[in-house]
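J.: The structure under discussion is supplied below as structure tokens; questions concerning it will follow.
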Amino acid sequence: MTARAGVTRVNPSLEDTATLFAEVDKQYRARGFTRADYEVLDTKELRANSILATLRWSYKNDDDSTLWRTVFSYNLYRKPSMGGKILLQTMHDWAQKTASKLTQSPLF
């Protein structure tokens, strides 16, 4: 399940998830994106096999300039027999709006 820009989407299969991220990648590359760096902002254990991780992503272009930043939280579940899974990805809309305002500043 993903929640981005106020839209919740259930991705019932790996193929659906791959299709979603292929669309996102295409949109990002049209904006000059070539790679991303991330910084772990916070992690919280929810239960024995699950955590909530919040990351800030910095999206870069060919000359390593930051184009924009976003913050996402991921609800992750891990079971030895299946490895780790992202159950829910949530984009922090306030962070994107703030990052957009910041990137328009002469300081960035």
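J.: Of all residues being aromatic (F, W, Y) and under 8 Å from the mean Cα position of the chain (by Cα) in segment 57-73, which is surrounded by the most Cβ atoms within 10 Å (Cβ to Cβ)? Just the residue, please.
T.: Within segment 57-73, the first condition is being aromatic (F, W, Y), and the residues that meet it are 57, 59, 68, 72.
Next, only the ones that are under 8 Å from the mean Cα position of the chain (by Cα) stay: 57, 72.
Values: W57: 17, F72: 21.
Going through the qualifying residues, I end up with F72.
J.: Could you identify the single residue in R35, R4 that is touching a strand residue (DSSP E or B) at 6+ places or on another chain (Cβ under 6 Å), surrounded by 10 or more Cβ atoms within 10 Å (Cβ to Cβ) and at pLDDT below 95? Even if it seems obvious, please write down each step before you answer.
T.: Values: R35 fails: at pLDDT below 95.
Step by step, each of R35, R4 is checked, and only R4 is touching a strand residue (DSSP E or B) at 6+ places or on another chain (Cβ under 6 Å), surrounded by 10 or more Cβ atoms within 10 Å (Cβ to Cβ) and at pLDDT below 95.
J.: I'd like the full set of residues that are in contact with a helix residue (DSSP H, G or I) (Cβ under 9 Å, 6 or more places away or on another chain) and in a strand (DSSP E or B), limited to segment 2-42.
T.: T2, R4, R9, A36
J.: Let me ask something else about it. Being small (G, A, S) and surrounded by 11 or more Cβ atoms within 10 Å (Cβ to Cβ) is the filter here, so list the residues in segment 38-56 that pass it. Steps first, please.
T.: Of the residues in segment 38-56, the ones small (G, A, S) are 48, 50, 53.
Matches in segment 38-56: S50, A53.
J.: Report yes if E23 is acidic (D, E), touching a strand residue (DSSP E or B) at 6+ places or on another chain (Cβ under 8 Å) and exposed (fewer than 15 other Cβ atoms within 10 Å of the Cβ), otherwise no.
T.: On the way: acidic (D, E): yes; touching a strand residue (DSSP E or B) at 6+ places or on another chain (Cβ under 8 Å): no; exposed (fewer than 15 other Cβ atoms within 10 Å of the Cβ): yes.
In short, no.
J.: A further question follows. Return the residues of segment 57-82 that are without any contact (Cβ under 8 Å) to a residue 24 or more places away in the chain and either part of a strand (DSSP E or B) or in contact with a Gly (Cβ under 7 Å, 6 or more places away or on another chain) (or both); say none if nothing qualifies.
T.: Taking segment 57-82 first, the residues without any contact (Cβ under 8 Å) to a residue 24 or more places away in the chain are 57-58, 63-65, 72-74, 80-82.
The answer is W57, S58, F72, S73, Y74.
J.: Right, next: If you go through segment 1-18, how many residues are more than 20 Å from G83 (Cβ to Cβ), in contact with a Ser or Thr (Cβ under 9 Å, 6 or more places away or on another chain) and among the β-branched types (V, I, T)? Spell out how you get there, then give the answer.
T.: Just the residues of segment 1-18 that are more than 20 Å from G83 (Cβ to Cβ), to begin with: 3-10.
Narrowing further to those that are in contact with a Ser or Thr (Cβ under 9 Å, 6 or more places away or on another chain): 3-4, 8-10.
Adding the requirement that they be among the β-branched types (V, I, T) leaves 8, 10.
Of the residues in that region, 2 qualify.
J.: More than 11 Å from the chain's Cα centre (by Cα) and part of a strand (DSSP E or B): is that true of T54 in this structure? Break it down into steps so the answer makes sense when it comes.
T.: Working: more than 11 Å from the chain's Cα centre (by Cα): no; part of a strand (DSSP E or B): yes.
Taking the combined requirement at face value, the residue does not satisfy it.
J.: Continuing with this model, one more query. State the number of residues belonging to segment 21-53 that are over 22 Å from G83 (Cα atoms) and either touching a Leu at 6+ places or on another chain (Cβ under 8 Å) or not small (G, A, S) (or both).
T.: Looking only at segment 21-53, we keep the residues that are over 22 Å from G83 (Cα atoms), and these are 22-37, 39, 41.
Retained after the next criterion (residues that are either touching a Leu at 6+ places or on another chain (Cβ under 8 Å) or not small (G, A, S) (or both)): 23-29, 31-35, 37, 39, 41.
Total satisfying the criteria: 15.
The values are calculated or read from the model by the stated rules, or taken from the named source; none is laboratory data. Computed from a prediction, not measured in an experiment: that's the story for all the values here. With ideal geometry, Cβ positions are generated from the backbone for all residues, glycine too; neighbour counts draw on all protein chains shown.
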